[in-house]
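S.K.: Before anything else, here's the structure in question.
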Amino acid sequence: WNEVQQMINGTPVYMYQDCSVLSEGDTDHWLRTNWIYRGEAASRIYVELKFTVRDCKSFKGEVVTCKETFNLYYMESEQDVGIQFRRPLFIKLNTVAADRSFTSRDIESGAMQLNTEVCPIGKLSRRGFYLAFQNSGACVAMVSVRVYYKTCPEAVRGLARFPETLAGSEGLTEVPGVCVEYAAEEVGSPPRMHCSTDGEWLVPMGRCLCAVGFEEVDGSCVACQRGFYRHSLETKRCLKCPPNSLSNESGATSCSCNAGFYRAPSEGQNIACTRPPSAPRNVSFSLIGTQLSLWWQPPSDHGGRKDLTYTVFCQRCHFLSCEPCEAGVVFSPSASGLTKPAVDVDGLEAYTNYTFAVEAHNGVSGMGPAPQRTAPALWVAVGHAAPVTVSQFILTQRDDSSLSVSWLAPRQRSRTSVEYEVMFFEKGEEARYTVKHLLEPNVTLTDLQPDTAYLLRVRSITPLGPGPYSPEQEFRTLPPDTGALSGGVIVSIIFGVLLFIGLLLGLLIFQRKQAHRRQARPDYNTSGFDREKVWLKPYVDLQPYDDPSRGVLEFTKELDVSCVTMENVIGEGEFGEVYRGSLRLPGKERIVVAIKTLKPTYSDSQWWNFLREATIMGQFNHPNIVRLEGVVTKRRPMMIITEYMENGALDTFLR
C-alpha cells in the first residue's frame, strides 16, 4: 500500500493505493488504521469506505493474478498497541466489492468512478479499535474512511422534549420525554418515544397537555391573550370570553362577569353572564265575591335567560298596618315558582283590604347587591262573599214521620251573612214542593209520611244573591212503629245472651281445670292462676245507631284533613280509589299511610258499609291487624286512614 496523490474528477486527492496485479511475489498486503478511541460512544458504529477498483480486463499483457475485491477487518483493544500488528486478532467484517470499476482510459481522462460502502460493526465493548484492509490481488485505491455512530436527534413531539439519544446496537431504546414549559403530562399517559438502531424516533406514546390558560402553538405552550381563556384540559384552544364577561390578563382560566351580570353556581365558565330580570308589567285583577284572579305581562328584560319564574306576595291591611296573609289564603297553582303570568287566589275574607305584589326571578336573582325589582303593589278591596254550592248532606236522625238533615257549611272567615233555602218534596211529586228558609246548615222536616222517599235541594244565599241548588239528595222515613222489636235490637239481644252463656261455660271449664291441677300437683304454687282473668271484648255494630256517622266517632278518631297528604293512587277499592300518602299529627313524626276514599257518587248502602268498615277496624288493637289511624268524615271525599302495608295484599304476596 502506497500513499499517492492522484487527480480524480479534476481534484488532487491523497489516497492509499495497492496494485500488485503484475507482481509475482507476495500479494497479501495489509493496511491498518491508527487506534480509534470509542470512549462512551455507542456500541454500534458504522464504517464508510470510498474507493476505486480497476477492471481486471483493462490490463494489457500477461496478468498473474487479478481480483476486484478486498477485505475489511477490525480488532478491539483497551489501549493503543502502537505499530504491533497481530493479524490473528483481527476479525473479518466484510468482503468489499466495487459496484463500478475503471479502466486505463478513465485514468487518462481523469474521470474516476468512486464506490461507497457502509459496513456496520455491532456490540463493541472496549475503549477503542483498529480497522484493517487486506488486498490479495486487486488494483484498489482507498480514497477515504469515515467512522461514525448514530444518534436520535433532540426533538419535541406532543409538547414533550426528547434529548439526543445514542442508537442502540439492536432493537428499540425507550426514552422518556420532559414536558415543555407550561405543559404537564396527561394523567396516566406519560410521554415516551423509542430510538431505533438507525437513529430514528419511532413509536411515540403518551403526551403532554398545555396547562389551563395556555394553548399549543408550534410545539410550545403560549398564554391565552386578553379577552380569551382556557378553563379545561379537554379544550384544545383558547376560547373567546362569553358575552358580558372579560379576562383582563393573559393566561386567563376564566372570564369575570361584567358589573351587574352573574353566573349561577351550577353554570360553567363557558356560559354567558346574565342578570336578574326587570319587574313584571301591568299587573291586573278581576274579583268575583272573594275569588281573585291576577295576571300580568312578563318583564321587558328577561336578563338574557329563559328560566323565568314569578312569586306573588299577599298582605292583609287594616288601616295603615299590613301583615302577611293567613294560611287560609290559597294560591292556585302556587304562590311561588310560577311559570305563567297568572294566578288564582281563593279564601280571601269579605270586607277586607289586601295588597298583592309580583316579583320575577331567574337563575341569578339574588346574587347581586341590588334589591329584587318588584312590580308596584296592587290594592284589592274585597266586598261580599259569593254564594257557593251546598254539598255533603248527612242524615242525623229519622223516624216514621220526620227527617233531620245537616250539611257542610261554606267556609266563611268573615262577617258575611249566609242563609239557606231548602226545597223538599216526595219522590215523584216534584210539582208539590215545600220551601224553608234557614239561618243554620241543618233542617228538621216534620209531618212526613212513613216509609216514604223524599228529595231535598239546598242552596246558600249571601248579600250577592242566591247560589245554585245542590244536586237532589234522597232520604226515606222509617216504617211505622208496630211495637215489635226491630231486627237490629233482636240480633243484639241474641248476641248478648250467647256471649253471656259462653262466658259462663268458659269460667266453669277454667275452674275445673284449676281444681284438677291442684289435686294432681299439690306441691305447686297456684296463686298465680287466681290472679289471671280472661278479657273478652264484645263487638259493637252500627246497626243499632240511627245516625251511623255519629256511631263511627265512638270507635275512631276524626282527623284534620290538613294533616293528611294524598300522593299517588295504588289501587281501586270497593268504595273508591286507594292512595299512598302521609299523615303528620301535631307534635309527631310524619308516617306513611294508606288512604281509602269514598267516591263522590256513593249510594246510601255504600256510605253505610264504608262507615261500618271503619267501625270494625277501630275496635281492633293488635300487632297482627292493620292499624286504623283515623277517619275524615266531615270533608269530602270521606277517608279511612290506615297503616301502610308496603308489600300489598297478603294473598298476592304469598302466591
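The values are calculated or read from the model by the stated rules, or taken from the named source; none is laboratory data. Remember, it's a predicted structure, so these values are computed and weren't measured experimentally. Cβ coordinates were reconstructed from backbone atoms using ideal geometry, including for glycine residues, and neighbour counts include every protein chain displayed. These accessible areas exclude ligands, DNA and RNA; they are computed on the full protein's heavy atoms, side chains included. Shrake-Rupley method; radii C 1.70, N 1.55, O 1.52, S 1.80 Å.
S.K.: Would you tally the residues in the range 128-141 being open to solvent by 10 Å² or more (accessible area, probe 1.4 Å) and either modelled with pLDDT of 90 or more or assigned to a strand (DSSP E or B) (or both)?
M.R.: The first filter runs over the range 128-141 and keeps only residues open to solvent by 10 Å² or more (accessible area, probe 1.4 Å), leaving 134, 136, 139.
Next, from what is left, pick out any that are either modelled with pLDDT of 90 or more or assigned to a strand (DSSP E or B) (or both): 134, 139.
Number satisfying all stated conditions: 2.
S.K.: Within the set of pairs 6+ apart or on separate chains, which have a first residue in the range 593-614 that is touching a residue at least 60 places away in the same chain (Cβ under 8 Å), a second that is part of a helix (DSSP H, G or I) and buried (at least 17 other Cβ atoms within 10 Å of the Cβ), and C-beta atoms under 6 Å apart?
M.R.: Once the first residue is touching a residue at least 60 places away in the same chain (Cβ under 8 Å) and sits in the range 593-614, its partners that are part of a helix (DSSP H, G or I) and buried (at least 17 other Cβ atoms within 10 Å of the Cβ) give Trp608/Pro548; Leu611/Pro548; Leu611/Val552; Ala614/Val552.
S.K.: If you scan the range 606-630, which residues turn out to be of a type in the set (Phe, Trp, Tyr) and open to solvent by 50 Å² or more (accessible area, probe 1.4 Å)? Even if it seems obvious, please write down each step before you answer.
M.R.: We begin by selecting, within the range 606-630, every residue of a type in the set (Phe, Trp, Tyr); these are 607-608, 610, 620.
Answer for the range 606-630, where residues must be of a type in the set (Phe, Trp, Tyr) and open to solvent by 50 Å² or more (accessible area, probe 1.4 Å): Trp608, Phe620.
S.K.: Same structure, new question: Do you know which of the residues in the range 336-349 that are under 15 Å from Pro280 (Cβ atoms) and not β-branched (Val, Ile, Thr) is least open to solvent (accessible area, probe 1.4 Å)?
M.R.: Checked the range 336-349; the qualifying residue least open to solvent (accessible area, probe 1.4 Å) is Leu338.
S.K.: Taking the range 244-262, which residues are outside any loop (DSSP other than H, G, I, E, B), in contact with a Lys or Arg (Cβ under 9 Å, 6 or more places away or on another chain) and among the small types (Gly, Ala, Ser)? Full working, then the answer.
M.R.: Start the filter on the range 244-262 by keeping residues that are outside any loop (DSSP other than H, G, I, E, B), which leaves 245-246, 256-257, 262.
If we keep only those that are in contact with a Lys or Arg (Cβ under 9 Å, 6 or more places away or on another chain) too, we end up with 245-246, 257, 262.
Passing the criteria: only Ser245.
S.K.: Right, next: Between a residue in the range 564-590 that is under 15 Å from Glu643 (Cα atoms) and any residue that is acidic (Asp, Glu), which pairs come within a Cβ distance under 6 Å, given they are 6 or more apart or on different chains?
M.R.: Here the result reads Arg580/Glu567; Gly581/Glu567; Leu583/Glu629, each pair linking the range 564-590 to a residue that is acidic (Asp, Glu).
S.K.: Here's a check for you: in the range 157-173, which residue that is modelled with pLDDT of 90 or more and either among the polar types (S, T, N, Q) or in a strand (DSSP E or B) (or both) is farthest from Tyr46 (Cα to Cα)?
M.R.: So, considering only residues that are modelled with pLDDT of 90 or more and either among the polar types (S, T, N, Q) or in a strand (DSSP E or B) (or both), the one farthest from Tyr46 (Cα to Cα) is Ala160.
S.K.: Among what's in the range 217-240 and is in contact with a strand residue (DSSP E or B) (Cβ under 6 Å, 6 or more places away or on another chain) and open to solvent by 80 Å² or more (accessible area, probe 1.4 Å), pick the residue that is nearest to Ala183 (Cα to Cα).
M.R.: In this case the residue turns out to be Leu233.
S.K.: Among the candidates Phe102, Phe70, Phe85, Phe59, single out the residue that is more than 30 Å from Thr173 (Cα to Cα) and modelled with pLDDT of 90 or more.
M.R.: Numbers: Phe102 fails: modelled with pLDDT of 90 or more; Phe85 fails: modelled with pLDDT of 90 or more; Phe59 fails: modelled with pLDDT of 90 or more.
Criteria check complete, one pass: Phe70.
S.K.: Right, another one. When you look at Val491, is it open to solvent by less than 90 Å² (accessible area, probe 1.4 Å) and either part of a loop (DSSP other than H, G, I, E, B) or at pLDDT 65 or above (or both), yes or no?
M.R.: On the way: open to solvent by less than 90 Å² (accessible area, probe 1.4 Å): no; either part of a loop (DSSP other than H, G, I, E, B) or at pLDDT 65 or above (or both): yes.
In short, no.
S.K.: Same structure, new question: Any residue that is surrounded by fewer than 16 Cβ atoms within 10 Å (Cβ to Cβ) and touching a residue at least 40 places away in the same chain (Cβ under 8 Å) - is there at least one of those in the range 197-206?
M.R.: Our first condition is that a residue be surrounded by fewer than 16 Cβ atoms within 10 Å (Cβ to Cβ); within the range 197-206, this holds for 198, 200, 202-203, 205.
If we keep only those that are touching a residue at least 40 places away in the same chain (Cβ under 8 Å) as well, we get 198, 200.
Within the range 197-206 (the criterion being surrounded by fewer than 16 Cβ atoms within 10 Å (Cβ to Cβ) and touching a residue at least 40 places away in the same chain (Cβ under 8 Å)), the answer is yes, since at least one residue qualifies.
S.K.: Separate question: Take the residues in the range 174-188 that are open to solvent by 20 Å² or more (accessible area, probe 1.4 Å) and assigned to a loop (DSSP other than H, G, I, E, B); name whichever of them is nearest to Gly122 (Cα to Cα).
M.R.: Among those residues, the one meeting the criterion is Gly188.
S.K.: Quick check on the range 529-547. Is at least one of its residues outside the structural domain of Glu613 (by the TED database), among the hydroxyl-bearing types (Ser, Thr, Tyr) and at pLDDT 75 or above?
M.R.: yes
S.K.: Among the residues that make up the range 552-562, is at least one of them open to solvent by less than 70 Å² (accessible area, probe 1.4 Å), free of Cβ contacts under 8 Å to residues at least 60 places away in the same chain, outside any loop (DSSP other than H, G, I, E, B) and out of contact with any helix residue (DSSP H, G or I) (no Cβ under 9 Å at 6 or more places or on another chain)?
M.R.: So in the range 552-562, the residues open to solvent by less than 70 Å² (accessible area, probe 1.4 Å) come out as 552, 555-556, 558-559, 561.
Now drop any that are not free of Cβ contacts under 8 Å to residues at least 60 places away in the same chain, which leaves none.
No: zero hits.
S.K.: Conditions: (1) in a strand (DSSP E or B); (2) open to solvent by less than 30 Å² (accessible area, probe 1.4 Å); (3) not assigned by the TED database to the domain that holds Asp18. Cys119 meets all but one. Number of the miss?
M.R.: Only one criterion is unmet by Cys119, namely (3).
S.K.: Hey, another quick one. Within the group Thr597, Thr565, Thr642, Thr633, which residue is within 26 Å of Pro471 (Cα to Cα), surrounded by 13 or more Cβ atoms within 10 Å (Cβ to Cβ) and touching a Leu at 6+ places or on another chain (Cβ under 9 Å)? Even if it seems obvious, please write down each step before you answer.
M.R.: Values: Thr597 fails: touching a Leu at 6+ places or on another chain (Cβ under 9 Å); Thr565 fails: within 26 Å of Pro471 (Cα to Cα); Thr642 fails: within 26 Å of Pro471 (Cα to Cα).
Result of the check over Thr597, Thr565, Thr642, Thr633: Thr633.
S.K.: OK, next. If I filter the range 98-116 down to residues being open to solvent by less than 50 Å² (accessible area, probe 1.4 Å) and not hydroxyl-bearing (Ser, Thr, Tyr), which single residue comes out as nearest to the chain's Cα centre (by Cα)? Working first, answer last.
M.R.: Taking the range 98-116 first, the residues open to solvent by less than 50 Å² (accessible area, probe 1.4 Å) are 98, 101-104, 106, 110-112, 115.
Right, trim to not hydroxyl-bearing (Ser, Thr, Tyr) and you get 98, 102, 106, 110-112, 115.
Details: Ala98: 76, Phe102: 84, Asp106: 87, Gly110: 86, Ala111: 83, Met112: 82, Asn115: 74 Å.
Among them, the one singled out is Asn115.
Matching residues to (1) open to solvent by 80 Å² or more (accessible area, probe 1.4 Å); (2) within 28 Å of Met367 (Cα to Cα); (3) charged (D, E, K, R); (4) in the same structural domain as Asp346 (by the TED database):
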| position | (1), (2), (3), (4) |
| --- | --- |
| Ile288 | yes, no, no, yes |
| Gln291 | yes, no, no, yes |
| Asp301 | no, yes, yes, yes |
| Asp307 | no, yes, yes, yes |
| Tyr310 | no, yes, no, yes |
| Gln315 | no, yes, no, yes |
| Ala327 | yes, no, no, yes |
| Val330 | no, no, no, yes |
| Ser334 | no, yes, no, yes |
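S.K.: Checking Asn282 against (1) surrounded by 15 or more Cβ atoms within 10 Å (Cβ to Cβ); (2) more than 35 Å from the chain's Cα centre (by Cα); (3) of a type in the set (S, T, N, Q), which test does it fail?
M.R.: The one condition Asn282 does not meet is (1).
S.K.: Search the range 357-375 for residues that are open to solvent by less than 50 Å² (accessible area, probe 1.4 Å) and pair each with any residue that is in a strand (DSSP E or B) and acidic (Asp, Glu) when their beta-carbon atoms are under 9 Å apart and the residues are at least 6 apart or on different chains.
M.R.: Ser365/Glu359; Ala375/Glu359
S.K.: Might you check whether a residue that is β-branched (Val, Ile, Thr), at pLDDT 90 or above and out of contact with any Ser or Thr (no Cβ under 8 Å at 6 or more places or on another chain) occurs anywhere in the range 230-240?
M.R.: Checking the range 230-240: not a single residue is β-branched (Val, Ile, Thr), at pLDDT 90 or above and out of contact with any Ser or Thr (no Cβ under 8 Å at 6 or more places or on another chain).
S.K.: Evaluate the following for Leu131: is it aliphatic (A, V, I, L, M) and farther than 30 Å from Phe51 by Cα? I'd like the intermediate steps shown before the answer.
M.R.: Details: aliphatic (A, V, I, L, M): yes; farther than 30 Å from Phe51 by Cα: no.
In short, no.
S.K.: Being touching a strand residue (DSSP E or B) at 6+ places or on another chain (Cβ under 7 Å) and free of Cβ contacts under 8 Å to residues at least 60 places away in the same chain is the requirement here; does Ala259 meet it?
M.R.: Details: touching a strand residue (DSSP E or B) at 6+ places or on another chain (Cβ under 7 Å): no; free of Cβ contacts under 8 Å to residues at least 60 places away in the same chain: yes.
No, not satisfied.
S.K.: Give the residue, chosen from Pro163, Pro191, that is surrounded by 16 or more Cβ atoms within 10 Å (Cβ to Cβ), within 20 Å of Gly206 (Cβ to Cβ) and either out of contact with any Cys (no Cβ under 7 Å at 6 or more places or on another chain) or not β-branched (Val, Ile, Thr) (or both).
M.R.: So the residue among Pro163, Pro191 that is surrounded by 16 or more Cβ atoms within 10 Å (Cβ to Cβ), within 20 Å of Gly206 (Cβ to Cβ) and either out of contact with any Cys (no Cβ under 7 Å at 6 or more places or on another chain) or not β-branched (Val, Ile, Thr) (or both) is Pro191.
S.K.: Related question: Scan the range 432-460 for residues that are small (Gly, Ala, Ser) and over 60 Å from the mean Cα position of the chain (by Cα) and jot them down.
M.R.: Restricting attention to the range 432-460, the residues satisfying the condition of being small (Gly, Ala, Ser) are 453, 460.
Once the filter is applied, which keeps residues that are small (Gly, Ala, Ser) and over 60 Å from the mean Cα position of the chain (by Cα), the range 432-460 yields only Ala453.
S.K.: Something else about it: Six or more apart or on different chains, Cβ under 7 Å: which pairs go from a residue in the range 217-229 that's within 17 Å of Ala184 (Cα to Cα) and without any contact (Cβ under 8 Å) to a residue 60 or more places away in the chain to one that's polar (S, T, N, Q) and not in a strand (DSSP E or B)? Could you list them?
M.R.: Here the result reads Ala223/Ser250; Cys224/Ser250, each pair linking the range 217-229 to a residue that is polar (S, T, N, Q) and not in a strand (DSSP E or B).
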